[in-house]
Amino acid sequence: MKVLVTVGAQLPFKRLIKGINDINKSLKMDVFAQVGEDSDTYEGIQVIDFLSSKEYKAKLDWCDIVIAHAGMGTIIQCLELNKKLIVVPRLAKFSEHRNDHQLDTISRFEQLTSSTSLMRVCRDVKDLKKTIKQIEILSETNDFFTTEKEQDTENLGKYIKKMIDDEI
């Protein structure tokens, strides 16, 4: 299984990268991680500080699963590609962000998901291995969201736009 881990361009997310590194000791996935300004050393995963837009697109095409912070850009890209996505929120209590707006983001998206959704929310890195195993078995032909709310695409678009506007 090929996994792209991305933490965005603003801040490192060491808790997520360390969690992936630890999990991969037993899962033996092919992991490529964009880690930001993170000088730590990780074994068993390939890391790079930043990717160009072209490199990022190539890695999105390459991977089976994306694991990311709860950033709207990554969520929207994976939605457009119908790509398996696990989002893990950055938390202010760990100094991973200035506030906990990513908890608000995942709370809004989580209600659109089910056990067959290609998007999953993982609130705790300790649950990441279980979440990976759940999403790994899904077909790429599954829907990104799988609740009735998702069927109304016009309102879904308005919902996502409102989420973006609320975060800005």
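The values are calculated or read from the model by the stated rules, or taken from the named source; none is laboratory data. Everything numeric here is computed off the predicted structure, so don't read it as measured data. A quick note on method: Cβ atoms are made from the backbone with ideal geometry, for glycine too, and the neighbour counts reach across all protein chains shown. Accessible surface areas use protein heavy atoms only, side chains included; no ligands, DNA or RNA. Shrake-Rupley method; radii C 1.70, N 1.55, O 1.52, S 1.80 Å.
A few notes on this one:
- Pairs over the 27 Å Cα-Cα cut-off, from the set K59/K129; K28/K84; K54/K129: K54/K129.
- To put it simply, the accessible area of segment 1-97 at a 1.4 Å probe is 50 percent carbon and sulfur.
- Judged by the mean number of other Cβ atoms found within 10 Å, the most tightly packed of the peptides 76-84, 51-59 leads the ranking 76-84, 51-59.
- Solvent-accessible area per residue, Å², over segment 1-100 with all protein chains present [probe radius 1.4 Å]: 47
- Packing rank of 111-123, 132-144, where each peptide gets the mean count of other beta carbons within 10 Å, highest leading: 111-123, 132-144
- Legend: calculated FRET efficiency, Q10 to E136, from the Cβ-Cβ distance at R0 = 30 Å, rounded to 0.05, equals 0.55.
- Shape category assigned to segment 1-76 from the gyration tensor of Cα positions, a/c cut at 1.5: oblate
- Charge dipole of segment 1-137 about the Cα centre (unit charges at C-beta), most positive-ward option of I137, N21, M72: I137
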